[in-house]
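Note sheet for the following structure.
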Amino acid sequence: MLFFQEFGMAATASAIRYAPEDPNLPKPWKGLVDSRTGYLYFWNPETNVTQYERPASSAPPKLAAIPVSSSVQTNQQSSSGFNSGKEDDKYGRGSDGPKSDSGSRFNEAGRTGPISSNDAASGLGNASSGGSSARGPPSSAAGNELSPEAYCRKHEITVSGGQVPPPLMSFEATGLPNELLREVYSAGFSAPSPIQAQSWPIAMQNRDIVAIAKTGSGKTLGYLIPGFMHLQRIHNDSRMGPTILVLSPTRELATQIQVEALKFGKSSKISCACLYGGAPKGPQLKEIERGVDIVVATPGRLNDILEMKRISLHQVSYLVLDEADRMLDMGFEPQIRKIVNEVPTKRQTLMYTATWPKEVRKIAADLLVNPAQVNIGNVDELVANKSITQTIEVLAPMEKHSRLEQILRSQEPGSKIIIFCSTKRMCDQLARNLTRTFGAAAIHGDKSQAERDDVLNQFRSGRTPVLVATDVAARGLDVKDIRYEYDSSFKFNHQNYRSI
């Protein structure tokens with residue numbers, strides 16, 4: 001049986017578009033183009049005001065600036081909270097809920113105005129009516145936001161776990177510090193993804209979270225951004241050990257998380273080390289000894305270093321289990337539990353998973369305290385991604401290779417294609433057969449880290465457009481513009497098929 005998927009051009013939020021420089025436009029106004037309508041509008045970065053009317057002078061505009069977190073304050077002051085899902089999946093472990101710090105360092109980072117008690121409890125700063133002096137541009141002119149309920153319906157978000165705050169549908173509503181907003185906008189993001197919009201306000205309340213969302217949903221920033229804000233509050237000595245620990249199933253995913261952490265934490269001077277097997281321990285140990293704020297690790301390598309007594313986790317107060325279902329599938333549960341035993345019980349724990357089987361529910365119940373649960377899509381049913389065309393062909397074994405070559409020849413030159421094989425040996429053999437004609441390379445667990453990095457870099461750049469991989473090696477890879485995906489044999493495990 002040969003299975004293949006064609007990835008369509010799914011609609012994504014477009015980046016901010018600046019209009020051509022206008023020397024007659026009063027400073028500090030900037031011209032922007034609404035990506036939906038093509039209309040020109042104007043944004044004042046000092047007051048965070050947007051308007052369609054061209055500003056006549058540098059004097060303050062007639063429109064009053066709206067406090068960037070006013071909508072957040074209104075929602076947080078509601079006594080009923082927000083809940084768009086059912087009250088299920090309880091994790092009663094004798095906790096009355098999280099306790100939060102009474103203040104935040106973000107008022108020092110260019111924010112104007114005091115921090116209110118409501119904002120302090122949520123981890124959000126409060127700007128005065130003058131706005132913030134270093135805000136990024138809004139995604140479009142004001143006035144087209146959905147209500148929280150409508151936003152959740154649109155993006156199939158359901159939540160449970162008591163008083164859950166509403167989603168933060170724009171970066172302006174998050175109260176992020178100026179330097180972090182600049183990093184986000186410079187990366188081309190115009191609005192949070194659904195998993196980010198709903199998990200950020202929960203994490204900023206210091207609550208535990210179980211988030212169930214597919215790979216590629218933006219979950220990495222879903223936990224990194226609140227983690228950065230957590231670091232701003234804690235002020236630990238990084239030489240005594242990390243404050244944030246992220247556990248990941250594979251080397252590839254771990255290194256991708258580190259890249260994102262360093263990219264978005266650069267302006268905040270956040271340091272991050274990555275610990276994984278298949279590479280020498282020496283350089284990794286030196287990074288730890290110098291002191292890091294964040295450690296991203298695979299469970300096996302971190303346990304090895306713990307047994308060497310070369311790392312201390314006594315300062316960890318923000319623990320993330322990324323792709324928890326895959327870590328359990330790979331047999332890492334004993335290592336995970338051993339690691340968690342080294343982490344203080346007074347901590348915030350965030351678990352991200354693509355599927356929600358009973359094994360994941362069990363470890364979530366053991367490790368998390370009264371978490372909020374966030375679901376993106378239906379976690380109880382297998383629902384096909386609407387942007388992917390799926391085809392199944394039943395073929396005799398000797399027909400598979402010729403059919404695969406026929407399909408590869410039908411693609412546009414340079415199309416990025418992933419082919420899944422069930423064994424490492426099959427990966428190598430198929431890659432050798434396809435290399436001369438199509439430009440293929442294999443990736444699997446027996447490859448060294450240097451070889452895997454080289455293959456991925458060639459695939460991302462398009463120099464090698466065909467990647468042949470095992471399921472485990474390819475899980476969690478972040479590669480854009482995939483055109484086709486082929487599976488040489490149908491999945492025996494429907495969870496593996498669902499998580500691709």
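Things to note:
- The condition of being assigned by TED's automatic domain parsing to the domain that holds PRO280 and either within 28 Å of the chain's Cα centre (by Cα) or part of a strand (DSSP E or B) (or both) does not hold for ASP454.
- The residues of the range 213-251 that are charged (D, E, K, R), surrounded by fewer than 24 Cβ atoms within 10 Å (Cβ to Cβ) and in contact with a helix residue (DSSP H, G or I) (Cβ under 8 Å, 6 or more places away or on another chain), listed by number, are LYS214, ARG233, ARG239, ARG251.
- Scanning the range 398-415 for residues that are in contact (Cβ under 8 Å) with a residue 60 or more places away in the chain and assigned to a loop (DSSP other than H, G, I, E, B) yields a count of 3.
- Members of the range 453-481 found to be touching a Gly at 6+ places or on another chain (Cβ under 8 Å) and either surrounded by fewer than 20 Cβ atoms within 10 Å (Cβ to Cβ) or modelled with pLDDT of 85 or more (or both), listed by number: GLY462, ARG463, THR464, PRO465, VAL466, THR470, VAL472, ASP478
- All positions within the range 287-302 that are within 22 Å of ARG452 (Cβ to Cβ) and in a helix (DSSP H, G or I): GLU287, PRO299, GLY300, ARG301, LEU302
- Inter-residue pairs, beta-carbon under 7 Å, first small (Gly, Ala, Ser) and in the range 295-309, second part of a helix (DSSP H, G or I), 6+ apart: ALA297/ALA254; GLY300/GLN335
- Every pair of residues 6+ apart whose Cβ atoms lie under 6 Å, when the first sits in the range 229-243 and is at negative phi while the second is in a helix (DSSP H, G or I) and hydrophobic (A, V, I, L, M, F, W, C): THR243/LEU231; THR243/ILE234
- Applying the condition of being part of a loop (DSSP other than H, G, I, E, B) and at pLDDT below 95 to the range 252-272 and asking which residue is surrounded by the most Cβ atoms within 10 Å (Cβ to Cβ) yields SER268.
- Test: GLN315 is of a type outside the set (Asp, Glu), buried (at least 18 other Cβ atoms within 10 Å of the Cβ), part of a loop (DSSP other than H, G, I, E, B) and in contact (Cβ under 8 Å) with a residue 60 or more places away in the chain: yes
- Checking ALA191 against (1) of a type in the set (A, V, I, L, M); (2) surrounded by fewer than 22 Cβ atoms within 10 Å (Cβ to Cβ); (3) within 22 Å of GLN335 (Cα to Cα), the condition it does not meet: (3)
The values are calculated or read from the model by the stated rules, or taken from the named source; none is laboratory data. In this text the structure is predicted, and so the values were computed from the model without any measurement. For neighbour counting, all protein chains shown are included, and Cβ atoms are generated from backbone atoms with ideal geometry for every residue, glycine included.
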